[in-house]
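Some notes on the structure that comes next.
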Amino acid sequence: MRELKYYVACTIDRLIARRDGSFDFFLGAGPHLDDIVRRFPETIPGHLHAALGVRPQRSWCDAVLMGRKTYEVGIPLGVTSPYAHLEQYVFSRTMSGRPDAGVELVTGDPLAAVRELKQRSGRDIWLCGGAALASALLPEIDQIILKVNPIVLGDGIPLFAGPTEPVSFALVHHAVYDNGFALMHYTRARRAPATGPPE
Ligand SMILES: NC(=O)c1ccc[n+]([C@@H]2O[C@H](COP(=O)([O-])OP(=O)(O)OC[C@H]3O[C@@H](n4cnc5c(N)ncnc54)[C@H](OP(=O)(O)O)[C@@H]3O)[C@@H](O)[C@H]2O)c1
C-alpha cells in the first residue's frame, strides 16, 4: 500500500518556520543540497527546476499534500501550482474552490481523504506540511524524514501543531553533512499484532 511520508525541513529545535510563516534561515546551499535534491527530486517546486537542474519526475512519490497555509506560501510569488509534476491536494475548510486547475481541494476529513488515497494505486504520498495538517494526519503518517538545519530558532511553527499521544518511530537512515546539516529518516514502529488470551 502507498505510504504517507512527512518530508520537511526543520531547525535543531524542530521548528519548520517562524511564527509569520517565513523560513529564509534554512541552508539554501552547501554539501547537503546535491544529495537531498538527488534523493528527493519530486520535492523541488517547479519554478526551481531549471536552477537546480531537476527534471520533473515521480520516482518515490506522485502526490503531495499541503495545508492551506503551506499552499499559500507560493501565492505572493505567483506560484499557484508549485508541484505540477505531482497530484496536488490542498486541505482547507475555508477555500471555496480549487485555487488552480492543477490543484485538488479537500474540504472534508483529512484522515478519510488520505485513507482513500492510500487505497489507490500509485507511488507514495508526500506530506509537505505544515504543522496543523501534519497533526491531523499523524495517525496515517508512515515515515518522517527531517532535514535538520544546524540552527536554533527559539520560537516558531513546530513539526506538529499540538499535543498528541506518543507515537513511536524507528530511525532507519541518517546522513550528516560537513556543514552540520543532518537528514533523519524514521519509519513508524509497527504495533505488535493483537494476541488473544492464552488457551
Ligand atoms: N520547513 C518546511 O519544510 C515547511 C514545509 C511546509 C510548510 N512550512 C511552513 O509551515 C507554515 C504553515 O504551517 P501551519 O501549521 O501554520 O499551517 P498548514 O498546516 O500548512 O495549514 C493550515 C490550514 O490547513 C487547513 N487544515 C489543517 N488541518 C485541517 C483539518 N483537520 N481539516 C481541514 N483543513 C485543515 C486549514 O485551512 P483553513 O483555515 O482554510 O480551513 C488550516 O488553517 C507555512 O507558513 C510554511 O512556512 C514549512
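Restricting attention to segment 38-72, the residues being within 14 Å of the chain's Cα centre (by Cα), in a helix (DSSP H, G or I) and closer than 30 Å to Asp109 by Cβ number 6. Taken over segment 157-193, the residue count meeting the criterion of being acidic (Asp, Glu) and touching a residue at least 60 places away in the same chain (Cβ under 8 Å) is 1. Would you confirm, using the coordinates I've provided, whether Ala161 is modelled with pLDDT of 95 or more, touching a strand residue (DSSP E or B) at 6+ places or on another chain (Cβ under 7 Å) and either crowded, with 17+ Cβ neighbours inside 10 Å or in a loop (DSSP other than H, G, I, E, B) (or both)? When the stated conditions are applied, Ala161 does not pass them. Only one of the numbered conditions (1) farther than 15 Å from Cys10 by Cα; (2) within 16 Å of the ligand (Cβ to nearest atom); (3) in contact with a Pro (Cβ under 8 Å, 6 or more places away or on another chain) is violated by Phe181, and that is (1). When restricted to residues that are of a type in the set (A, V, I, L, M, F, W, C) and surrounded by 18 or more Cβ atoms within 10 Å (Cβ to Cβ), segment 85-104 contains 4. Taking every residue in segment 117-134 that is within 6 Å of the ligand (Cβ to nearest atom) and pairing it with any residue that is of a type in the set (S, T, N, Q) and in a helix (DSSP H, G or I), at least 6 positions away or on another chain, the pairs with Cβ-Cβ distances below 8 Å are Cys128/Thr43; Cys128/Thr70; Gly129/Thr70; Gly130/Thr70; Leu133/Thr70. Taken over segment 2-55, residues that are on the phi > 0 side of the Ramachandran plot and out of contact with any strand residue (DSSP E or B) (no Cβ under 8 Å at 6 or more places or on another chain) amount to 2. Residues that are farther than 19 Å from Cys10 by Cα, aliphatic (A, V, I, L, M) and in contact with a Gly (Cβ under 6 Å, 6 or more places away or on another chain) do not occur anywhere in segment 40-61. Among all residues of segment 87-110, there is none that is part of a loop (DSSP other than H, G, I, E, B), within 16 Å of the chain's Cα centre (by Cα) and at pLDDT 95 or above. Restricting the first residue to segment 84-110 and requiring it to be within 13 Å of the ligand (Cβ to nearest atom), which pairs with a second residue that is of a type in the set (Asp, Glu) and modelled with pLDDT of 95 or more meet a Cβ separation below 6 Å and a spacing of at least six or different chains? Listed by first residue and then by second, the contacts come to Tyr89/Glu104. So is Ser22 hydroxyl-bearing (Ser, Thr, Tyr) and surrounded by fewer than 17 Cβ atoms within 10 Å (Cβ to Cβ) or not? It is true that Ser22 is hydroxyl-bearing (Ser, Thr, Tyr) and surrounded by fewer than 17 Cβ atoms within 10 Å (Cβ to Cβ). No other residue among Arg38, Arg18 is in contact (Cβ under 8 Å) with a residue 24 or more places away in the chain and among the charged types (D, E, K, R) apart from Arg18.
The values are calculated or read from the model by the stated rules, or taken from the named source; none is laboratory data. Only a predicted model underlies this, so the values are computations on that prediction, with no experimental measurement involved. Glycine also receives a Cβ, built like all others from the backbone with ideal geometry; neighbour counts cover every protein chain displayed.
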